1. For the chain, what does the relative contact order come out to in percent, with C-alpha contacts under 8 Å and a separation of six or more?
2. Round to the nearest 0.05 the FRET efficiency obtained for T71 and I7 when R0 = 25 Å and r is the Cβ-Cβ distance.
3. Please work out which option in (1) 2, 13, 24, 27, 21, 10, 3, 0; (2) 2, 10, 13, 12, 11, 11, 10, 8, 6, 5, 4, 3, 2, 1, 0; (3) 2, 10, 18, 20, 18, 16, 11, 4, 1, 0 gives P(r) over Cα pairs in 5 Å bins from 0, in percent calculated from these coordinates, and answer with its label.
4. Excluding same-chain residues fewer than 8 positions from K61, which lysines have a Cα within less than 20 Å of its Cα?
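Quick note: the coordinates plus some simple rules give every number you see, no bench work behind them. For clarity, every value in this text was computed on a predicted model and none was experimentally measured. Cβ sites come from the backbone with ideal geometry, for glycine too, and all protein chains shown count toward neighbours.
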Amino acid sequence: MLVSHPIGTILSVRVSPGAKKNELRGEQAESLKVCITTAPEKGKANKTLTEFLAEQFGVRKSQVELISGETSSQKKILFHGVTLDEMTQKVQQVVSNIAAERPAGRVDESTFRQ
């Protein structure tokens with residue numbers, strides 16, 4: 001789900017556009033599942049995704065860059081200036097918050113690092 005990069009950390013995400021609300025849904029197939037309200041037209045959903053992820057992980061919008069998957073539901077997001085350790089902690093916190101909201105869900109933290 002997370003991979004170190006020379007200028008930051010890459011997060012794999014699986015996006016569902018056109019959702020009822022913007023939300024993080026947890027891990028799915030070694031990616032972070034993200035629901036976005038914006039429809040996938042003319043890059044609007046990608047812009048909403050990067051802004052939403054910046055907000056959720058407490059970084060500036062300028063630090064979040066879509067580096068692959070522009071027209072795919074599977075995307076790679078580069079967080080500039082965020083180390084693998086920092087991003088691992090942020091993702092674990094978000095996923096544990098999701099798990100707390102949904103006690104029946106199962107979280108496998110072993111897939112955070114690669």
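1. This gives 30 percent for the chain.
2. My answer for the efficiency is 0.55.
3. So the calculated entry is the one marked (1).
4. Result set, ordered by chain and number: K21, K33, K42, K44, K47, K75, K76, K90.
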